[in-house]
Amino acid sequence: MSSKFLFQTYTLAHGSSRVVKESVKTVVQNCSILSNLAGNNDLYRQAREASDKARNQEFTLTADAPEEFDIFQAAREKSKSVKHSTKKGNDILTNPKRPKTSKKNISNKREFSTASCRSNKEDPKVKKQVVSDPEKVKFEMSQSAVPSSRISRLYHYGTLAAGVGLDVLRQSVQNYAKGEQSSSVGSMIMSPRNIERIAKKFSRMRGAALKIGQMLSFQDSAVLPPEIQQILLRVQNSAHYMPASQLEKAIAFELGKDWRTRHFKSFDDIPIAAASIGQVHKAVTESGEDVVVKVQYPGVSDSIDSDLDNMLTLLTASRLLPPGLFLDKSVANARVELKWECDYLREASNIDRFGQLLKDDPVFVVPKVFHESSDEHVLTMEHMKGTEIMKKEWDQDTKSWIASNIMRLTLTEIAQFKFMQTDPNWANFLYNEETKKIELLDFGACRNYDKEFIRIYLNCLRASAKKDHKMVEKYSQDMGFLTGLETDSMTNAHVESILALGEPFSPLENHGKPYDFTGQTLTDRVRGNIKLMLNERLTPPPEETYSLHRKLSGAYLLCARMKAVVPCEQIFQEVVGLDYE
C-alpha cells in the first residue's frame, strides 16, 4: 500500500476519532449532573444500566423500535419547562399580537415529569383517535424514534464514522490480500455499502443531517461528486416518522396533556408527510375546520450546532467536496436557517406577513394559522387542498402559467418585498384546479434583505439583462463576489455565468418574446464554468446570496423541468425594471 493511501486512511480515522472525542467532551462539559448522580448509588446504577442497555442495543428502522430514554435530557427538559412557563406567563406583554390564552390553558401547557419519560407505555387516560386508514397513505414511510438528546445524537454520529472507517479498512485489507491495487479512500468511503449506511443514518437522525442533504440536493451535479448525489437522492426519498408514544409526548409538551380534546375534534395519528425537522398530520378543529398540524421532532432544535459540527468533521474527512465550495460558510448559513425553521412561532409570524403581502394577489394563496393550537414546536394551519405541482402531469399551458407566476413571485420577493421564502422545494407549491390558485406552504426559512444589498444585487441583474460585462463585474465586486484580485479566467467565468442567468430577462436576446426554457442552454453554460470557479475562487459568496440564489436557481430549474414558455422579459420589466438605481 502506498504512503499516500496510508495517509488518506489515517485522515479518515482521525476524522472519526474527532467525533468520538467530541462526544466525550460534551459529556464532561454539559453533564454536571453526573457529579450529583454519583452521590446517589441507586439512581447512578439505574442510569448506568440504561446507558449500557442503549449502547448494546441494535438500532433498527422497524415500527416496533423502542423509544430511547435519556435521564440527562429529562432533567434538562424539566428545567426548560419551568423557564418556558415563566416566559409564557408574560407572553401577552412581550408579544401583544399573539392571541390571549386563559390561565387554565397556560398552566396546562408543557406539563412534564421524568417519570412519564421513563415509561414507554401510552398514557391510559389519553384516548387515541385515528381517523385515517394507514393503508391509504400514498407513500411508504418507516417509523423510528428520533434520537432526542445531544449525547445520543453524538453517539449515532460516532457509530456512523466508526462504521464507515471499519468498512474502508475491510475493503483495503481484502484488496491487499488479493494482490489487487488499492482503491482511493474516497471511492471506498462512498461504496454501495457505505452509501446505504449513511443514507439510513441520516434518515433516522432527521434534523440537520437530513436538512443539509435536502439543501445540497438542489446544487448542480457539476458541483457535487456523484457519490454525494447518490446519498442525497436516497435521503430525499426516505421518510421516517415518530412512534405514537413519542408523538404524544411531543405534542403534550407544547399544548398540554389533554390537547386532543381541547383543540381537535379528530386527529390522524399517521402523518401525511415526514420531513427533516418535523412531520405533518391531518386534523379537524373543534369548529369543524380541516387543518394540518406540523409537529417538530424532539431534540432537533437543541442539537443543530452539534449535528452540524459533526457533519462538517465527517464531510471534511472524506475530502470529496471541492475547497471552493467553502463548506464552512455553507454550514454556517445552514446553521442560521435551521434555527429559524425550528421556531414555529417565527414561522407563524412569517405566514401572517406573507398573507398580508399577497392578500390582493390574484394567483397566490397563503394558509391561515390557528394560533391557539400552535406553539414553539407545534404549528396548526389551514389544510390546503391543491396538488403538488410536480405530482401531476398538467397540460403545457398550465405548466407555463404555473412557472411564469412562480418566477414573478420570486422576483417580487426580491425587488419589492425584500422578504423571501428561501426554500426552493417544489413540494411547497400546490396547484388547486378548482380555484385556479397556487397555494404556498412552508415559511420557516423566510428572511429579510437589507435595502442596500438589494439595490446592488438588482443592479447586477439589470447589468446582466443588458449584457453589460463591465457593470456586472463592478456590481459583483460591490457585493463581494469578486475581490478584484482574481485571475482573468476566474473573472470572465464569473461574469459569463451572471450574463447567462440574465439571458431570459434580456431585451437584447428575446426582443419582447417569451423565453422558452425547453431548449435553453444557459444551465449548461453555467455548469461549464463551475469547476474553474471552484478552483480559483478567492472569497466565499456574500452571506445573503446563499439562500437567495438557492431560491432563484430553484425557479430556473422548475421552469426547465416543466418545459415552460415564460414571458421573463415582460415580468422583469414590470417587477424590477432596467434602469440602474
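Summing charges over all other residues whose Cβ lies under 13 Å from the Cβ of Y449, with Lys and Arg as +1 and Asp and Glu as -1, gives 0. Highest average first, the peptides 476-485, 297-306 ordered by how many other beta carbon atoms sit within 10 Å of their residues are 297-306, 476-485. Rounded to the nearest whole Hz, the Karplus-based 3J(HN,Hα) values (6.51 cos²θ - 1.76 cosθ + 1.60, θ = phi - 60°) of the range 249-258 follow the sequence 5, 4, 6, 4, 4, 8, 10, x, 5, 9, with x at glycine and proline. Packing, taken as the mean count of other beta carbons within 10 Å per residue, orders the peptides 339-347, 536-544 from highest to lowest as 339-347, 536-544. For q values of 0.11, 0.17 Å⁻¹, compute log₁₀ I(q)/I(0) with the Debye formula on a Cα-only model of the range 389-581, without solvent. Relative scattering, expressed as log10 I(q)/I(0), comes to -0.50, -1.20.
Amide H contacts of S506: none lie under 5 Å away among residues 5 or more positions distant or on a separate chain (H built 1.01 Å from N in the peptide plane; Pro and chain starts excluded).
By the count of neighbouring beta-carbon atoms within 10 Å, fewest first, T380, T521, T410, T491 end up ordered T521, T491, T410, T380.
Over the range 389-581, Cα pairs under 8 Å with separation of 6+ residues give a relative contact order of 33 percent.
For the peptides 445-454, 419-428, the ranking by packing is 419-428, 445-454, with the highest mean count of neighbouring Cβ atoms within 10 Å listed first. Ranked for footprinting exposure by Cβ neighbours inside 10 Å, fewest first, Y475, Y580 give Y580, Y475. As a rough footprinting exposure proxy, the listed residues H494, H469, H511 were ranked by other beta carbons within 10 Å of their own, and the order from fewest upward is H511, H469, H494. The residues neighbouring M390, those whose beta-carbon lies less than 12 Å from its own, together hold a net charge of +2 under the Lys/Arg +1, Asp/Glu -1 convention. Distance from the C-alpha centroid of the range 535-549 to that of the range 473-498: 11 Å, rounded to the whole angstrom.
Kindly list the residues of the range 506-544 that lie in the label zone of K467, defined by a backbone N under 20 Å from the point 7 Å along the Cα-to-C-beta vector. It comes to 506-529, nothing else.
Readers should treat all values here as calculations from the given coordinates under stated rules, not as data from a laboratory. This structure is a prediction, so every number in the text was calculated from the model and none was measured. FYI the Cβ positions are ideal-geometry reconstructions off the backbone, even for glycines, and counts take in every protein chain you see.
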